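> Let me give you the structure first, and then I'll get to my questions.
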Amino acid sequence: MKVARRKTKKTQTTNFEIFRIRQKDMPIETVELEVNVVAFAWEPHGHRFAIIQGGGEGTKNNVRIYDVKGKEVKLRRSFDNRAANALFWSPLGGHLVLAGLGPFNGQLEWLDVDSGESLTPTVQEHFQCGEVEWDPSGRFVITSATQPIGGANWKYTMDNGYNLWSMQGQLLAQVKVDDCYQVMWRPRPSNLLSKEQLAALKASLKEKYWHTFEKEDDIIRQSQLSGAAKERQELKAVWKAFRLAKDKEFEEEREMRRELRNGQASDDEEDFITVEQQVEEEVGREEELWQKDQQ
């Protein structure tokens, strides 16, 4: 439970009261912050919650991640000076999108809460974005700029549409929709796999499916390249194909080269003989006497 109180006319405090409903007598832990809390959100599958604290709308704020374990509530992560006023946890937990809606004009940042690192080197942006929603699998994020239903809202239509992002904050698609009122993910039923089946699937994911996923990602990246970048990628692909063909030709002619050199394997880099020579130099007696006279 979140409660905001005023100590004075200029000072406001925020109390979070955490009820442990599965324990006897329902004990309560209280966290008091002498700051203005802009946003608050629990991690869907976990024991952490995130808040945005700061001056309010239009100013950069600070993000705090708290961990609730046992009888303690501890501050675990801090991200300062973020252009954000809204929080969106991944349905699977672990990842968090910081969104600057309204006066921030749709600035977006993806965070890996476990490692404490930002997944986007630079803050992404979806101008006039007003909605952010994770897909049920936690693999994608959709942001949308919409207009209210009813009335002559022509001024909102220029930037209407939605952007599709990966869970790491990579832009995958950008779609413009003139009369866009709402964008939502299709609901999905609960998982039918058991915990054991899920664990086995995760263990074999990299070995069985990773190569397929990488191919699909390459196709998406290729479709987003500019003309010059796409030309460079095509030249690289031609060069790689040429090298592979020449390496194959070199391997096929190995025995031919051996026969031309009377059975010697010219390709063996270790097939050599090291020869050492010692040179002795004798200085005569007359030369030594002459050197003394010169001194």
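The values are calculated or read from the model by the stated rules, or taken from the named source; none is laboratory data. Since the structure is predicted, the reported quantities are computational estimates derived from the model, not experimental observations. Positions of Cβ are generated from backbone atoms using ideal geometry, with glycine treated the same way; all protein chains shown enter the neighbour counts.
> Just to be sure before I move on: is residue 182 within 30 Å of residue 127 (Cβ to Cβ) and not in a loop (DSSP other than H, G, I, E, B) in the structure I sent? Before the answer, list the steps.
Values: within 30 Å of residue 127 (Cβ to Cβ): yes; not in a loop (DSSP other than H, G, I, E, B): no.
Here the answer is no, as residue 182 does not meet what is asked.
> To continue, here is another question. Residue check: is residue 73 surrounded by fewer than 19 Cβ atoms within 10 Å (Cβ to Cβ), among the β-branched types (Val, Ile, Thr), in contact with a strand residue (DSSP E or B) (Cβ under 8 Å, 6 or more places away or on another chain) and not in a loop (DSSP other than H, G, I, E, B)?
Values: surrounded by fewer than 19 Cβ atoms within 10 Å (Cβ to Cβ): yes; among the β-branched types (Val, Ile, Thr): yes; in contact with a strand residue (DSSP E or B) (Cβ under 8 Å, 6 or more places away or on another chain): yes; not in a loop (DSSP other than H, G, I, E, B): yes.
The answer is yes for residue 73.
> Could you please let me know if residue 275 is outside any helix (DSSP H, G or I) and either in contact with a strand residue (DSSP E or B) (Cβ under 6 Å, 6 or more places away or on another chain) or at pLDDT 80 or above (or both)?
Numbers: outside any helix (DSSP H, G or I): yes; either in contact with a strand residue (DSSP E or B) (Cβ under 6 Å, 6 or more places away or on another chain) or at pLDDT 80 or above (or both): yes.
So residue 275 passes the test.
> Still on this structure, I have one more. Quick check on segment 213-235. Is at least one of its residues among the aromatic types (Phe, Trp, Tyr), without any contact (Cβ under 8 Å) to a residue 24 or more places away in the chain, closer than 28 Å to residue 164 by Cα and surrounded by 10 or more Cβ atoms within 10 Å (Cβ to Cβ)? So that I can check it myself, show each step before the final result.
If we filter segment 213-235 for residues that are among the aromatic types (Phe, Trp, Tyr), which is where we start, we get 213.
Those left that are additionally without any contact (Cβ under 8 Å) to a residue 24 or more places away in the chain: 213.
Subset that is closer than 28 Å to residue 164 by Cα: 213.
Filter again for surrounded by 10 or more Cβ atoms within 10 Å (Cβ to Cβ), leaving 213.
Scanning segment 213-235 turns up at least one residue that is among the aromatic types (Phe, Trp, Tyr), without any contact (Cβ under 8 Å) to a residue 24 or more places away in the chain, closer than 28 Å to residue 164 by Cα and surrounded by 10 or more Cβ atoms within 10 Å (Cβ to Cβ).
> Considering only segment 2-22, state which residues are at pLDDT below 75, assigned to a loop (DSSP other than H, G, I, E, B) and not hydroxyl-bearing (Ser, Thr, Tyr).
Matches in segment 2-22: 7, 9, 10.
> Mind listing just one residue for me: the one in segment 137-152 that is assigned to a loop (DSSP other than H, G, I, E, B) and buried (at least 16 other Cβ atoms within 10 Å of the Cβ) and, of those, nearest to the chain's Cα centre (by Cα)? Break it down into steps so the answer makes sense when it comes.
First, the residues of segment 137-152 that are assigned to a loop (DSSP other than H, G, I, E, B): 137-139, 146-152.
Those left that are additionally buried (at least 16 other Cβ atoms within 10 Å of the Cβ): 138, 146-147.
Numbers: 138: 13, 146: 27, 147: 31 Å.
The qualifying residue nearest to the chain's Cα centre (by Cα) is 138.
> Which residue pairs have Cβ atoms under 9 Å apart, sit 6 or more places apart or on different chains, and have a first residue in segment 79-93 that is in contact (Cβ under 8 Å) with a residue 60 or more places away in the chain and a second that is crowded, with 17+ Cβ neighbours inside 10 Å and not small (Gly, Ala, Ser)?
These pairs meet every condition: 90/43; 90/96; 90/97; 90/134; 90/141; 90/167.
> Scan segment 46-70 for residues that are in contact with a Lys or Arg (Cβ under 8 Å, 6 or more places away or on another chain) and either on the phi > 0 side of the Ramachandran plot or in a loop (DSSP other than H, G, I, E, B) (or both) and jot them down. Give the steps one after another, and end with the answer.
Quick first cut of segment 46-70, residues in contact with a Lys or Arg (Cβ under 8 Å, 6 or more places away or on another chain) only: 47-48, 50-54, 60-68.
Of everything in segment 46-70, those that are in contact with a Lys or Arg (Cβ under 8 Å, 6 or more places away or on another chain) and either on the phi > 0 side of the Ramachandran plot or in a loop (DSSP other than H, G, I, E, B) (or both) turn out to be 47, 54, 60.
> Something else: So residue 162 clears everything in (1) buried (at least 20 other Cβ atoms within 10 Å of the Cβ); (2) part of a loop (DSSP other than H, G, I, E, B) except one condition, right? Which one?
Failing condition for residue 162: (2).
> Oh, and also: Here are the criteria: (1) modelled with pLDDT of 85 or more; (2) loosely packed, with under 10 Cβ neighbours inside 10 Å. Tell me which single one residue 262 does not satisfy.
The failed condition is (1).
> I've got another one for you. Looking at 176, 202 in this structure, which one is more than 18 Å from residue 109 (Cβ to Cβ), out of contact with any Lys or Arg (no Cβ under 9 Å at 6 or more places or on another chain), basic (Lys, Arg) and surrounded by 10 or more Cβ atoms within 10 Å (Cβ to Cβ)?
On the way: 202 fails: surrounded by 10 or more Cβ atoms within 10 Å (Cβ to Cβ).
Answer to the check: 176.
> Still on this structure, please answer the following. Here's a check for you: in segment 76-135, which residue that is in a strand (DSSP E or B) and polar (S, T, N, Q) is nearest to residue 40 (Cα to Cα)?
Taking segment 76-135 and keeping what is in a strand (DSSP E or B), we get 76-82, 86-89, 95-100, 107-112, 117-118, 124-125, 131-134.
Cutting the leftovers down to polar (S, T, N, Q) gives us 78, 81, 107, 118, 124.
Working: 78: 14, 81: 17, 107: 18, 118: 19, 124: 22 Å.
Checking each candidate, the answer is 78.
> Separate question: Can residue 132 be described as closer than 26 Å to residue 80 by Cα and modelled with pLDDT of 90 or more?
On the way: closer than 26 Å to residue 80 by Cα: yes; modelled with pLDDT of 90 or more: yes.
Spelling it out, residue 132 is indeed closer than 26 Å to residue 80 by Cα and modelled with pLDDT of 90 or more.
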